[in-house]
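What follows is calculated from the coordinates using simple rules that are stated; it is not laboratory data. What you see is a predicted model, and the numbers here were worked out from it, not measured in a lab. Ideal geometry is used to build each Cβ from the backbone, glycine not excepted, and the neighbour counts take in all protein chains shown.
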Amino acid sequence: MYRVVAKRLLLLPSYGNNVCRRFAFPPAIINSSRFSTNANASHQSPNQHQQQQLQAENLVFAETLDSESASASVAAAAAEEARRHEGQSSREERRRRVEYQDDQALVLQAALRHVVSLGWTEAAMIKGAKEVGVSPSIIGAFPRKEAALVEFFMDDCLQRLIDKIDLGDELRNLMPSQRLSKLVKIRLEMQVPYISKWAQALSIQSQPMNVPISFKQRAMLVDEIWHAAGDQASDIDWYVKRTILGGIYSASEVYMLTDNSPDFHDTWTFLERRVKDVFDLEKTVLEAKYLAEAVGAGMGSSLQGFMKRGVKSY
């Protein structure tokens, strides 16, 4: 193939001329004054030509920086709005009450009244079925039996918490940190009647086959609490805040199991301290973030100003 191309370039003048016309090479520039003539005096010097070319390139680069910055800002705003809309829609979807069949809901609700004496067990579910006049054979409709009872309780507590949030009477005049502590406290107080058996419930939730639903229920709970506290984050902070609050909730839940103080006073003190630590940490991180953004913005402005000054100097 290379021989054919070489022959066409060397033996066919017309083909060689066409190639030269299509791929025109710029004339060589010789800077030495020994080869200058009077005939070239009227044309621009090579240095002037290079300066004009560099000036044009710098102008294009500066304009490109401005246009890219504007495009990036518009794209970021659009993406932020889309995430906010998607997050709001998914949140409304999660807030819908979990639906159970009528007989199943009756049995599970009645079984909760026997948890204190019988624990989170199939026996409590059978007694609940008999209490509402349903055949105990309905227990076979629950594949995971005891886990279904715990999950029903978790769903019911979440719905009751949402109802309190919608009323808003207890949260209206509170600061975000106080709202967070108040909501976690309200939710944990729902477990007080079952505190003697709650360790068994935690054990059931931690079983491998029950972990996915347990994790989902706790994630929904933490998300509702953050939204009620006024959080509207939709970036990486969304995940960080919910992970931290999930840890605080679980730690307070375990602390509550061994709390013998009147009305669980020590648990609520423990909870308030952990929430305060989170908001103090968030304040520190936010200040560092603002400082980094200010430094970055200053460097960006300095770079663009430097480029424009460099362009004007030519």
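Selection of first residues in region 251-264 that are more than 15 Å from Ala201 (Cβ to Cβ) and of second residues that are β-branched (Val, Ile, Thr), restricted to Cβ pairs under 7 Å at least 6 apart or on distinct chains, gives the following pairs, ordered by first then second residue: Ser252/Val184; Ser252/Thr267; Tyr255/Thr267; Asp259/Thr267. For the criterion of being within 21 Å of Arg113 (Cβ to Cβ) and surrounded by fewer than 14 Cβ atoms within 10 Å (Cβ to Cβ), Pro143 fails.
The residue pairs whose first member lies in region 120-133 and is in contact (Cβ under 8 Å) with a residue 60 or more places away in the chain, whose second member is of a type outside the set (Ser, Thr, Tyr) and in a helix (DSSP H, G or I), and whose beta carbons are closer than 8 Å, counting only pairs six or more residues apart or on different chains, are Trp120/Glu146; Trp120/Leu149; Trp120/Val150; Trp120/Lys197; Trp120/Gln200; Trp120/Ala201; Trp120/Ile204.
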